[in-house]
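What follows is a single structure, written as structure tokens, with notes after it.
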Amino acid sequence: MRSVSTVRGKAVPMDRANVDTDQIIPAKHLKRINRTGYGPFAFEAWRQDPDFVLNNPAYEGAKIMLTRENFGSGSSREHAVWALDGLGIEAMVGISFADIFKSNCFQSGVLTVELPRVDIDYLMDLSITTPETELEIDLGEQTVGTVDGVWAHHFQIDPFRKYRLQRGLDDISMTLELGPDIDEFERQMPDWLPKTNSD
Amino acid sequence: MSKTLFEKVWDQHVIDSPLQEAARREALAESGMADHEEMLGERQVLLYVDLHLVHEVTSPQAFEGLRQAGRSVRRPDLTLGTVDHNVPTIGRELPNPDPLSAKQIEVMQNNAQECGVTLYDIFDERQGIVHIIGPEQGFTQPGMTIVCGDSHTSTHGAFGALAFGIGTSEVEHVLATQTLRQSRPKTMSVEVTGALGPGVTAKDVILAIINEIGVHGGIGHVIEYRGEVIRNLSMEGRMTVCNMSIEAGARAGLIAPDQTTFEYMKGRPKAPKGDEWDRAVERWRRLPSDDDATFDREVLIDGSRIRPFVTWGTNPSQSVAIDGVVPHPEEVPATQRESVERALTYMNLTPGTPIRDISIDRVFIGSCTNGRIEDLRAAAAVIDGKKVAGGVSAMVVPGSGLVKRQAEEEGLAEVFKAAGFEWRDAGCSMCLGMNPDILLPGQRSASTSNRNFEGRQGPGGRTHLLSPEMAAAAALAGHFVDVGDGPSAVPA
């Protein structure tokens, strides 16, 4: 996993609630067996509309996406995060995120920052009226703010999660180091669990 | 200390890991970070996974990741694979016309073989939707932890198992370690009291619940469904309820195991046998929430007020009773107005239109929500010798090969076919529109599936969610009707 320290850039306002993963990446594009190459299909249906925010050249190169509540709801498809990553999005800032989507973002090193509605209203308005506004998210300081320093907000994150993000640590290799503890748990497990390999 | 069902299952699966605690402390010391007490709720633990279900769409990248890192599957004996999401439901014996789909199925077959994972492959009669086959075979048992790279894994919660969907990176983590790093969710009790009225099904119960708590009301929570209405549901009905927990934002939904659960399970291929069965039942009887256990949030719903529901919008909370009308945007809270307006535009519906006056083009009966034998029996009972309305195209996609065979043996397939329904092979099909079973742009469907998102069943398609009975009745009438009104509501 890539390491994360700060994300600085323009923020594209996805001013909608409950954006579901079927919009972020439609099912017909889930037949591929790679982790990359989903960017061109992101928000495929909505991009048919010339007025859709991602078609606005003013937000080209945005690294942050602003959104409202329950972004990433629906399907567990991690392809949704891969598609956002393919668009160049490195951080999501919204009121709330769907549980599985949030977890998938963490796995790919895409930051999710949750802020109260009043702050999202402010940032949404800012990026709609002045698209060139740059935001900076500092994981170390746990802050999100405008680069001119006019507005800043603290956000919470589990310290151990933060540590892993900052170093780009791979969860699987860390868990494999806990092998002896997992072995011990398995030794104490009841033997009634159904086995898939016996008839 | 008293515990909820969820807390009992969770606590039994948290791995006490001194190594993990040491690594965490070392990390915090190294980075000079304080170990904030307020972060306790966020703090991740290592959770053991008793059963890992894999399918062709969300697993290829996970197996590839293992291969690239030189890792192996830790417990192939606790892992089960099938192909369901993109398999054709017709003409399976012919070459797959979609090369990407064919490749994905082939990759699943190769990965299963290489890693020693049992696969219910495309021509295996046990093949089917991953959340149908687990319970059907008796793999799904009370008190287990079950995960799958699919958000509807919550279905298995109907047995009192803690079951939830995960992303592909987590699939890889489970394959390699049989564990997951998880923060402890909050608990929510949803109690449905009273008795259901005529024509009201488990599907209407869960649509009513989602309508009540909203599509993000369950974020960060595990729901336990309780109350008289839930207790009186069959296992199939309980699975329908738990299945759609994710549509309320909850990652998992559980129902306490009881005699109904045990009767459903007894004799299934993977269920315990003989003395082991008795010991298992004794263990399972200890799982229900203690009487004085408390939940972080409690919701009470009067089941006697639930009517057959139909969704009118583009998320599963946008629903109304069959005798209702399409809502006016001015009537909803200001924060929801824009999304209601967007939904009405997408769905091409005019506010104030009676739900009964909405005509449909397609009917889909199937999916992990409503693709079980009881669902097919209920739909067939409504048909009762009548015909699908002119201009309507209707299909039934059984949830598994075994459901299909049983329905054929019971004569249900003949009922559907005689009425003009297409009778297909098992898979996810038009629920998510990955295979050729899709709506054309502008087509309107009555669907027993779980999501009415824009384009879910095909680009430009318009989906209305409802119960199998209501879907069958709509197929015959060509528009929505109230099955609660009895046979006279459905045209001959």
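Results, tabulated for the structure shown:
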read-out: Residue count, region B:377-401 (criterion: touching a residue at least 60 places away in the same chain (Cβ under 8 Å) and among the hydroxyl-bearing types (Ser, Thr, Tyr)); value: 1
read-out: Residue check, A:LEU30 away from chain B (no Cβ under 14 Å) and either under 26 Å from A:ILE128 (Cα atoms) or surrounded by 20 or more Cβ atoms within 10 Å (Cβ to Cβ) (or both); value: no
read-out: Matching residues, region B:113-131, being among the polar types (S, T, N, Q) and assigned to a loop (DSSP other than H, G, I, E, B); value: B:GLN127
read-out: The listed residue being within 28 Å of B:ALA250 (Cα to Cα) and modelled with pLDDT under 95, out of A:SER108, A:SER96, A:SER76; value: A:SER108
read-out: Scope region B:286-342; condition acidic (Asp, Glu), farther than 30 Å from B:GLY199 by Cβ and more than 14 Å from chain A (Cβ to nearest Cβ); matching residues; value: B:ASP290, B:ASP291, B:ASP292, B:ASP296, B:GLU330
read-out: In region B:54-77, the residues that are within 22 Å of B:ASN435 (Cβ to Cβ) and among the small types (Gly, Ala, Ser); value: B:SER59, B:ALA62
read-out: Leading residue by the ranking (farthest from A:SER76 (Cα to Cα)) among those in region A:33-57 that are more than 21 Å from the chain's Cα centre (by Cα) and more than 11 Å from every other protein chain (Cβ to nearest Cβ); value: A:PRO57
read-out: Every residue from region B:418-434 that is in contact with a Ser or Thr (Cβ under 6 Å, 6 or more places away or on another chain) and either within 11 Å of chain A (Cβ to nearest Cβ) or surrounded by fewer than 24 Cβ atoms within 10 Å (Cβ to Cβ) (or both); value: B:ARG424, B:ASP425, B:CYS431
read-out: Residue list for region B:248-281, restricted to those being in contact with a helix residue (DSSP H, G or I) (Cβ under 8 Å, 6 or more places away or on another chain) and surrounded by fewer than 13 Cβ atoms within 10 Å (Cβ to Cβ); value: B:PRO269
read-out: Residue list for region A:64-109, filter: surrounded by fewer than 23 Cβ atoms within 10 Å (Cβ to Cβ), closer than 15 Å to B:SER169 by Cβ and more than 11 Å from chain B (Cβ to nearest Cβ); value: A:ASP85
read-out: Residues located in region B:119-169, provided they are farther than 18 Å from B:LEU47 by Cβ and free of Cβ contacts under 8 Å to residues at least 40 places away in the same chain; value: B:LEU119, B:ASP121, B:ILE122, B:PHE123
read-out: Subset of region B:107-120 [surrounded by 15 or more Cβ atoms within 10 Å (Cβ to Cβ) and within 24 Å of B:ARG71 (Cβ to Cβ)]; value: B:VAL107, B:MET108, B:GLN109, B:ASN111, B:ALA112, B:CYS115, B:VAL117, B:THR118, B:LEU119
read-out: Which numbered condition A:GLU134 fails, given (1) more than 12 Å from chain B (Cβ to nearest Cβ); (2) surrounded by fewer than 23 Cβ atoms within 10 Å (Cβ to Cβ); (3) of a type outside the set (Phe, Trp, Tyr); (4) closer than 24 Å to B:GLY455 by Cα; value: (4)
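Here is a yes/no grid of residues against (1) at pLDDT 95 or above; (2) surrounded by fewer than 24 Cβ atoms within 10 Å (Cβ to Cβ); (3) β-branched (Val, Ile, Thr); (4) under 18 Å from the mean Cα position of the chain (by Cα):
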| residue | (1), (2), (3), (4) |
| --- | --- |
| B:GLU56 | yes, no, no, yes |
| B:GLY65 | yes, yes, no, no |
| B:ALA69 | yes, yes, no, no |
| B:SER72 | yes, yes, no, no |
| B:PRO76 | yes, yes, no, no |
| B:VAL83 | yes, no, yes, yes |
| B:ASP124 | yes, yes, no, no |
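The values are calculated or read from the model by the stated rules, or taken from the named source; none is laboratory data. Fair warning: this is a prediction, and the values are worked out from it, not measured in the lab. Here Cβ is always computed from backbone atoms with ideal geometry, including for glycine, and neighbour counts include all displayed protein chains.
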